[in-house]
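Below is one structure, written out as structure tokens; comments come after it.
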């Protein structure tokens, strides 16, 4: 059974259509990438799942029922707008959020110290949040979303502002949550993290779904390209949409930049060359990156590789 099921979701703010007939589901143990540029509707959707705002129409089933703040004990959420209370220590902050999620103070403290140890912050457990660096404070806030071992973990632009080391730590926590069976959904406009982590992806543009599926299914949306050095002209090969020769025409071995028709596998072209005696000295395949796919289907504004 899906941990989260969204069906035909619509959200309007006056004349602005923020979410437009959106449907998707996330299963236990699945890492689901919620991708879109600024203003795509990612944060609005997550807030509706949390029952912070209500949809205009459509339905949300989370943990077997409609959104309800009483389900907080089974949900972890890292908001895009980071905000912790200055004047509280790191461990006090984690315990406070654990208590909000129905944990006992002792369980929240024990789990909080375990997380701080894992995040190399145990020695700063009693330090005031206001005295911590931005990176340290972000790790404390991540701990507040993990303290209750949530069944559904939602992270809104979680990599924003983190250095490469802490980005790696966050990726490990996402994988760890997935391995213990949590459904993980994270929104981002940084394609490299989604490419490495996600089992499935959803691409949003102006609140409307442009694609949903695996990375391989996303790559199939754009044709593969090749660089080949051959003794024959690849333009006549079935499945080749375009071929441009690099170098002089009189050379026996010629380098070609080849683009295949959508859906054509490079292996099919290679088999044709072998079967028809087309000599090859070089064969380099290039599949579309997630960044390429995003730019093609959604547009490139505000997107990082």
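None of the figures in this text is laboratory data; all of them are computed from the coordinates on show. No experiment lies behind these values; they were computed from the predicted model shown. A quick note on method: Cβ atoms are made from the backbone with ideal geometry, for glycine too, and the neighbour counts reach across all protein chains shown.
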### Query
Hey, what did region 84-201 get for relative contact order, percent, Cα under 8 Å, at least 6 apart?
25
### Query
What translational D, rounded to a whole number of µm²/s, comes out for region 115-222 from Stokes-Einstein when the hydrodynamic radius is the Kirkwood one over Cα pairs, at 20 °C and 1.002 mPa s?
140
### Summary
the chain: relative contact order from alpha carbon pairs under 8 Å, six or more residues apart, as a whole percent, is 21
### Simple label model, 7 Å out from Cα along Cβ direction - residue 13 to residue 66, nm
2.4
### Task
Between 243, 18, 40, find the one with the highest GNM mean-square fluctuation for the chain; connect C-alpha pairs within less than 10 Å.
243
### Query
Which value at 222 nm does the chain reach when only helices count, each DSSP H run of 4 or more adding -39,500 (n - 2.57), with the total divided by all residues and rounded to the nearest 500 deg cm²/dmol?
-9000 deg cm²/dmol
### Summary
Here, region 225-287 modelled as identical Cα point scatterers in vacuum has Debye log10 I(q)/I(0) at q = 0.29 Å⁻¹ of -1.48
### Query
residue 27 to residue 257: extension gain in nm, 0.36 nm per residue of separation minus the Cα-Cα distance?
78.7 nm
### Query
Where does each of 138-145, 195-202, 234-241 land if you order them by average Cβ count within 10 Å, highest first?
138-145, 195-202, 234-241
### Considering only the chain, percent of DSSP beta bridges that pair antiparallel, nearest 5
65
### Message
Just to be sure I understand: if I project the alpha-carbon convex hull of region 172-221 onto a plane and average over all orientations, what area do I get in nm²?
### Response
3.9
### Query
Relative to the present Cα-Cα distance, how much length would full extension add between residue 286 and residue 175 at 0.36 nm per residue of separation?
37.2 nm
### Query
If we count other beta carbons within 10 Å of each Cβ, what is the order of 10, 269, fewest first?
10, 269
### Task
List, largest first, the extents of the alpha carbons of the chain along their principal axes, each in whole Å.
78, 46, 34
